[in-house]
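What follows is a short report on a single structure.
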Amino acid sequence: MSNARRIIVINPNSTPEVTSAMRDALDDRFLCLDIPEGPATIVTDRDVAEAGPRVAALAAAQEAPLAVIVACFSDPGVAETRAAVPCPVIGIQEAGVAAALALAPRFGIIALSELPIARHRVRLERMGMLERLADEVGLSGVSAYAAGHDPAVYDELLAAGRRLIASGAGAIVLGCGGFGPRRAVLQAALGVPIVDPVLAAAGVALSVTGGQR
């Protein structure tokens, strides 16, 4: 399948293993790209601000995409990209939280660290979803790569999930595009729905593009 008329998934960081894991989770209706000049992990507010124009420029350079997914949980560049391309643009935070709220009255989020939590809350408030957040738990500052690939991170994830359930979360959103490879094992261990926000955004994209092949 050519690059034209596909759903473009943009990972704003420069870690190819994270992009590869997204590619493995999707099919050939999706073209997964990263940004080599970006940081290995989007961490700071500055990272988010600098990622926005890069995401919009990369999206605008694609040939007639059906939709664009911004595959970072801070949704960098979503507004800029919506202004730059004529197709639907979906942020994974928006899609992941919407999916969780379709599954449970209250949801929780697991973040890579404590640092992005305030930023996430600002966005949730703008989306009108903050009141249904049970809690957000940050890990010890792991990378986007380690989130999905380092065995040492699993125990942290499990403890964070249990804390969120104790806080009243009936569904948990993984607060980084790199967490995807952990979704199934965490759901089996915790017994509540675990939302991979990249897959949630992919579902939204397919719903508005008719699932074209």
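Points to keep in mind about this one:
- The residue that is surrounded by the most Cβ atoms within 10 Å (Cβ to Cβ), among those in the range 43-64 that are touching a strand residue (DSSP E or B) at 6+ places or on another chain (Cβ under 7 Å) and in a helix (DSSP H, G or I), is 55.
- Among the residues of the range 187-203, the ones that are part of a helix (DSSP H, G or I) and surrounded by 21 or more Cβ atoms within 10 Å (Cβ to Cβ) come to 5 in all.
- Evaluating residue 32 against the criteria (1) more than 22 Å from residue 119 (Cα to Cα); (2) without any contact (Cβ under 8 Å) to a residue 40 or more places away in the chain; (3) out of contact with any Leu (no Cβ under 8 Å at 6 or more places or on another chain) leaves one unmet condition, (3).
- Residue count for the range 94-137, restricted to those that are part of a helix (DSSP H, G or I), acidic (Asp, Glu) and within 18 Å of residue 180 (Cα to Cα): 1.
Results for (1) in contact with a Gly (Cβ under 7 Å, 6 or more places away or on another chain); (2) touching a residue at least 40 places away in the same chain (Cβ under 8 Å), shown as yes or no for each residue.
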residue	(1), (2)
106	yes, yes
109	yes, yes
153	no, no
168	no, yes
172	yes, yes
178	yes, yes
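- Only one of 12, 39 that is in contact with an Asp or Glu (Cβ under 6 Å, 6 or more places away or on another chain) and under 23 Å from residue 175 (Cβ atoms): 39
Laboratory data are not the source of any read-out in this text; all were calculated from the coordinates shown. Given the structure is predicted, the values throughout are model-derived calculations rather than measurements. With ideal geometry, Cβ positions are generated from the backbone for all residues, glycine too; neighbour counts draw on all protein chains shown.
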